[in-house]
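Structure first, then comments.
Read the figures in this text as sums done on the coordinates, not as results from a lab. The model shown is predicted, which means the values in this text are computed figures rather than measured ones. Cβ sites come from the backbone with ideal geometry, for glycine too, and all protein chains shown count toward neighbours.
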């Protein structure tokens, strides 16, 4: 039985037995290479649920504002985000039923669009690991594994770290040689080169805040960008304001970011947002030995201290 | 290093905790220690009170350098504010330098109330480092109209 059928069975059971009020999952919205989040409350509707490599949203995003009991379809990284949310007292463990999905990586459709050189995809059919895309004047067979999102290529937590029901068997760990390869490459370049790189990528930002909205951990009731007394960050797309916004948004994810890549995928302008968050995750691991969202009752690294924390940067 | 405009002097903002480093600065003053006049001091209750935004925003508004100074570990008036600050700034400093801010614009130090000499030394060191880097350009926000710092 495939994972999608199993998932539907579990969802039906949960709703019929009234163990949850809603199942949050993915459905096919009809557009090629995409799925959309759906909220299912009626057991008859569970067949809308889908599971495929286009299920790219981090549905933990929808858990924070809920008062009801929700079951949520969650990939490895999504379960880590849920763990962080529980640890930060944003959701109660008993109010969330995690349908854990072992995940072999999701497709970054921007990579497919780039590969097709702007060919307009009208139809996409997934069979096994091959996506057959059709446009007006072309048909192409693409391998899922060639178009995985960047965060999936260096993923070390493909299986749920916490779940109530796991759908399917654990996947073997991915052979990741160096999770931080891209970050290290950039670190080795000169200060000018790095400034140029970030100036270039961040100048594409239009301050739509899609990254913030997609992030399951950006749950502040009032974001610093929305405060105007004091106005911490200018609201213009002036490059200085944009860079300050991204520095501080990334900083706020210190020791919390689970590298699900939702921010980068939601970006309409391909800003390399993960190059900031991943850098911080690397530093947190190096300096404090912490990794976000791996176990319950874990404290965020900036919310406690050790007396012998590194301080060689202090005069 | 860029070419420096004539008569340019670095402008450095220093966030000093009121219990140790500010008293240290005071001691440097009453002991008649001569130190570089390039720092503008902002007194804060604790180094743990320094929001990373203070630093980033200072740089954005045209400060050539930033110094944050607090009590030595174990000597915080509030027991542990500086320990939290230390973790926060370790991450922030690395992030700022990674994003391309020149190494040497942002400094941190521990200066106790009895270390007037150390305060003078730190300020001189910071000023010289920043002087070598020249006026801040990256991160500084300029008005789109006349180009002056906003």
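Some notes on this structure:
- Diffusion coefficient of segment A:269-315 by Stokes-Einstein, Kirkwood radius over Cα pairs, 25 °C, 0.890 mPa s: 195 µm²/s.
- Over segment B:12-133, the reciprocal of the mean inverse Cα-Cα separation, the Kirkwood hydrodynamic radius, stands at 14.2 Å.
- Put a dot 7 Å past the Cα of residue A:213, heading toward its Cβ, do the same for residue A:4, and the two dots end up 2.8 nm apart.
- With a Förster radius of 51 Å applied to the beta-carbon distance between residue A:136 and residue A:312, the computed FRET efficiency rounds to 0.25.
- Chain A: antiparallel DSSP beta bridges as a percent of all, rounded to 5: 65
- Protection proxy ranking, peptides A:64-70, A:128-134, average beta carbon neighbours within 10 Å, highest first: A:128-134, A:64-70
- With a 10 Å cut-off around each Cβ of A:303-310, the average count of Cβ atoms from other chains is 4.
- FRET E, pair residue B:117, residue B:75, Förster distance 25 Å, beta-carbon r, rounded to 0.05: 0.90
- Linear extension gain, residue A:146 paired with residue A:68, 0.36 nm per residue minus alpha-carbon span: 24.1 nm
- At q = 0.06, 0.07 Å⁻¹ the log10 of I(q)/I(0) for chain A amounts to -0.22, -0.30, computed by Debye summation with a single uniform scatterer per C-alpha, solvent ignored.
- Projected label points at residue A:294 and residue A:175, each 7 Å from Cα along the beta carbon direction, are separated by 2.3 nanometres.
- Its relative contact order, with pairs defined as Cα atoms under 8 Å and 6+ residues apart, puts chain B at 36 percent.
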